[in-house]
Each structure stands twice: as structure tokens, then as C-alpha cells.
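The values are calculated or read from the model by the stated rules, or taken from the named source; none is laboratory data. Worth saying up front: this structure is predicted, and the values here are computed from it rather than measured. Here Cβ is always computed from backbone atoms with ideal geometry, including for glycine, and neighbour counts include all displayed protein chains.
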Amino acid sequence: MTDYRSVRGMVDILPEDSFLWQQLEGVMAAVLQQYGYQEIRLPIIETTQLFSRSIGEVTDIVEKEMYTFADRNDESLSLRPEGTAGCVRAVVQHNLQQTVQKLWYQGPMFRYERPQKGRQRQFHQLGVEGFGVASPDLDAELILLSNALWRGLGVQDLLTLEINSIGSPHSRALFREALVAFLSDHRDGLDDDSQRRLVTNPLRILDSKNAATQALLADAPSLSDFIDDESRDDFAALLAMLTAAGQPYVVNERLVRGLDYYNKTVFEWTTDALGAQGTVCGGGRYDGLVAQFGGRDTPAAGFAIGLERLVLLIKGLDTHAAPQADIYVVTADTQSQLHALPRVEALRRALPNKVIQAHLGGGSFKSQFKRADRSGAQYALVYGESEQASESVTLKPLRSQGEQITLPDNQLAAFLAESLAGKNGD
């Protein structure tokens with residue numbers, strides 16, 4: 001057993017799972033392209049101030065969870081704990097907010113949390129952000145886009161859309177004041193974490209999973225009573241759009257999201273299939289963040305998907321299967337291998353969507369055919385002395401009772417294209 005192990009909470013994605021990630025990423029890229037969103041690639045490291053300013057200095061993320069260090073110039077830098085702040089920084093830095101922008105990014109994020117199923121210290125997110133549209137049709141498009149992702153991945157029946165309006169910063173400040181006053185009078189009934197949040201981030205108490213705290217909140221002031229008229233009208237218009245599009249939703253008045261920059265509409269996609277880690281996607285509107293970073297006042301909204309949790313959902317369907325070879329190449333000896341090599345490369349060019357594995361490392365025909373069978377291939381291509389002499393190849397079916405046949409080299413690609421039609425999406 002080696003003494004070298006991955007850092008706790010930072011896991012390897014092994015080949016048995018990486019193909020599933022590739023499929024997921026392919027579906028996401030196709031859906032985003034269909035909706036007109038363009039990829040932006042962002043640094044993993046940003047200045048610490050970027051996150052403390054946008055996320056909020058008294059949030060758990062900034063106070064406890066960021067990986068922060070000083071560089072050689074003694075500047076405080078952090079591994080990104082989320083992607084929106086970096087995306088907004090890039091939009092302002094490159095003056096992209098002059099026109100409507102529809103952007104997406106993906107990659108690793110980092111938070112120092114207790115590792116558990118669906119929650120790691122290095123995790124991956126897909127982020128989707130829209131800039132320059134103040135009306136709720138952007139919010140509607142983001143929600144419908146996320147639902148299109150679920151459809152493409154086959155998990156739409158496992159997810160529920162929860163949505164709320166948290167109003168303008170002013171109306172939320174009024175609610176915060178009323179909530180703190182109420183909870184201060186009932187402080188002894190709060191769990192320890194909520195007592196701490198009462199001072200640092202009281203709105204997060206609404207998300208508490210503690211049953212006693214939730215019972216106490218039943219009599220607390222309601223955020224909906226403090227919502228400003230503009231936010232209320234926008235929310236009503238958004239719900240009308242979702243209804244028109246046939247998109248089911250649940251209004252959850254306790255939903256506030258955990259980051260300081262949100263305003264107006266917030267939403268989450270949740271599931272019962274992952275235990276405590278039930279939020280797969282979350283987002284909302286953050287109209288003030290661009291100006292906060294020095295850009296001109298620009299409305300914006302977006303969402304982020306936790307890809308590890310999405311992968312767990314897909315694996316739970318038990319419909320995924322590791323990619324298998326279509327063709328396995330067997331050679332009798334070194335000379336046969338040299339003879340086969342250019343022909344196999346030509347076959348790969350002719351059949352770009354087929355998986356063609358060539359046996360490596362030599363060995364007897366018996367051992368090579370065992371490997372061929374384990375590969376899942378439909379055919380073994382056999383090259384030996386007679387095939388060299390006749391410029392041909394022998395095909396042995398591995399998944400049917402058919403007889404093996406010998407074909408001229410120049411007929412092989414056409415035969416396999418027809419025989420393997422329909423496999424791997426052809």
C-alpha cells in the first residue's frame with residue numbers, strides 16, 4: 001500500500017466514471033449551444049477580495065471554507081469557491097457588459113468542508129450567466145435551459161424546481177431587521193448553528209434543517225410581506241412564463257440562497273434521491289454585482305450545477321454503461337502486427353465513430369481472444385501469415401453465432417460500416 005494518497009476531499013475520477021462525465025459534458029455543451037450561450041474559460045485562482053466582496057465577508061464560505069494563501073508579493077489569493085464572481089470580474093475587466101452576454105463555464109471549485117457523498121473539497125460546477133437583461137424573460141430562459149439539461153440527461157423526473165423572490169436589497173434589509181428581532185426573542189429555541197448565524201447571516205437560518213428551528217420559524221415574519229412592488233411584479237411575470245411553457249414549480253418562501261449578491265428571483269432544483277445533499281442546481285438574479293465590481297450598472301442572472309451530484313443522479317438510474325470496443329485487432333506475430341498497423345489506422349479514419357482496439361503486448365491467439373471477448377467488441381479482426389499473403393483480413397464474430405469470414409482489405413471498411421450501423425449513435 002502506497003503512502004501517497006490524494007488530499008482528503010479531492011478525489012480521482014477513474015476511467016470507469018470518466019466516460020459518464022464526458023457524456024454529461026457533451027449533453028451540456030449541446031444544450032447550451034442550442035440556447036445561444038458561449039463558453040468562457042476562467043482562472044482557478046483569484047484575489048481573495050473578489051470573493052469577500054461579492055459573496056459576503058460573514059458567510060461560511062469566506063469565513064471558514066476558502067483555500068486562501070499569500071503569494072510571493074504577499075497578495076492574498078484564493079482558490080475559487082464558486083464561479084459567478086470570477087465571471088463578473090471577467091465581464092467588467094474586458095468591458096463585455098456593453099452588449100447582452102450569455103456565457104457558460106465549467107471546472108473545479110474548492111471549499112474546505114467536511115467531505116461526504118455529493119460534497120467534496122474539490123468539486124465541479126457548470127455555471128451559466130446572462131448579462132444585460134433586466135426583464136424576467138432571462139430568468140425564465142435560464143430555468144427552461146436547466147430543465148432542457150435534465151431532459152437531455154434523463155433525470156428530469158428526479159428533480160423539482162423550487163422558486164422564490166427575495167426582493168430588492170432594501171426590502172430584504174427590512175425583512176432581515178424584523179427576522180432578527182423575532183429570532184432574538186426566541187434565541188434559546190434555536191440550534192447552535194442558527195444562533196451563530198443570527199449574528200453573521202440571519203437569512204440562512206431559514207434554510208436550517210433542524211426540526212425545532214423550523215417549528216419556531218412557522219411564526220416568524222414572512223419575507224413575502226416585505227417584497228417591493230417591482231420584485232413582486234417581476235416574480236408574477238416569471239411564474240406566468242413558466243406556466244405558459246408548461247414548467248412545473250413550487251414556490252418556497254423559505255428559499256433565500258446563501259450568497260449575499262442575490263436579489264429578486266432565486267431558484268433551486270432539488271431531489272430526494274441524494275439524501276441530505278438534495279440541491280443539484282441553484283441560482284437567481286444578481287443585478288448589483290457588476291456595478292459592485294466597477295462596471296456600469298448591469299442586470300444579471302445565472303445558475304450553477306453541482307456536477308458530482310448530477311453524476312450521482314445519473315448513476316442511480318442504472319442506465320449508463322461503460323463504452324466498449326466495436327472491433328478488436330488480433331495479430332499472429334510481430335510481422336503480422338507490422339502488416340496490420342497501417343490498415344488499422346486507415347480503418348480508424350474510415351470509421352471515426354467506432355472504437356477500434358489493437359491488442360498490445362503480444363501473446364498467444366488464445367490469450368488475445370480472451371482480451372477481445374472482455375473488450376465487448378462485436379468483431380475480432382485477425383491478421384496472420386495467410387492474411388498478409390492475400391491482402392485480406394479474417395473477421396470473427398464475438399457476439400453472435402455467425403461464421404467467421406475473410407474479406408479483401410479494400411472491402412473491410414464498407415462491410416463494418418454496414419454491420420455496425422446503429423451502434424454508438426450511427
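Some observations on this one:
- Being small (G, A, S) and in a helix (DSSP H, G or I) is a property that holds for A237.
- Residue within the stretch 202-219 that is of a type in the set (K, R) and either assigned to a helix (DSSP H, G or I) or closer than 27 Å to A134 by Cβ (or both) present: yes
- Residue that is nearest to L416 (Cα to Cα), among those in the stretch 378-399 that are free of Cβ contacts under 8 Å to residues at least 40 places away in the same chain, of a type in the set (S, T, Y) and assigned to a strand (DSSP E or B): T394
- Test: residue in the stretch 248-268 that is touching a helix residue (DSSP H, G or I) at 6+ places or on another chain (Cβ under 7 Å), under 19 Å from A301 (Cα atoms) and polar (S, T, N, Q): yes
- Residue list for the stretch 204-217, filter: surrounded by 13 or more Cβ atoms within 10 Å (Cβ to Cβ) and either free of Cβ contacts under 8 Å to residues at least 24 places away in the same chain or in contact with a Phe, Trp or Tyr (Cβ under 8 Å, 6 or more places away or on another chain) (or both): S208, N210, Q214
- Within the stretch 218-232, not a single residue is surrounded by fewer than 16 Cβ atoms within 10 Å (Cβ to Cβ) and of a type in the set (V, I, T).
- Residue match in the stretch 178-191 (condition: touching a Leu at 6+ places or on another chain (Cβ under 8 Å) and touching a residue at least 60 places away in the same chain (Cβ under 8 Å)): no
- Members of the stretch 177-201 that are in a helix (DSSP H, G or I), buried (at least 18 other Cβ atoms within 10 Å of the Cβ) and at pLDDT 85 or above: L179, L183, S194
Matching residues to (1) under 27 Å from E39 (Cα atoms); (2) among the charged types (D, E, K, R); (3) part of a helix (DSSP H, G or I); (4) in the same structural domain as L32 (by TED's automatic domain parsing):
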residue: F69; (1), (2), (3), (4): no, no, no, yes
residue: D74; (1), (2), (3), (4): no, yes, no, yes
residue: V91; (1), (2), (3), (4): yes, no, yes, yes
residue: V133; (1), (2), (3), (4): yes, no, no, yes
residue: L142; (1), (2), (3), (4): yes, no, yes, yes
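- Of all residues in the stretch 56-88, those that are more than 23 Å from the chain's Cα centre (by Cα), of a type outside the set (V, I, T) and at pLDDT 90 or above total 9.
- Residue within the stretch 162-169 that is in a helix (DSSP H, G or I) and crowded, with 18+ Cβ neighbours inside 10 Å present: no
- So A304, is it over 21 Å from F123 (Cα atoms) and touching an Asp or Glu at 6+ places or on another chain (Cβ under 8 Å): no
- For L238: the one exception among (1) closer than 25 Å to T200 by Cβ; (2) crowded, with 19+ Cβ neighbours inside 10 Å: (1)
- So G167, is it more than 17 Å from R204 (Cα to Cα) and of a type in the set (G, A, S): no
- One residue alone among S375, S400, S390, S367 is exposed (fewer than 14 other Cβ atoms within 10 Å of the Cβ), of a type in the set (S, T, Y) and within 16 Å of V329 (Cα to Cα), and that residue is S367.
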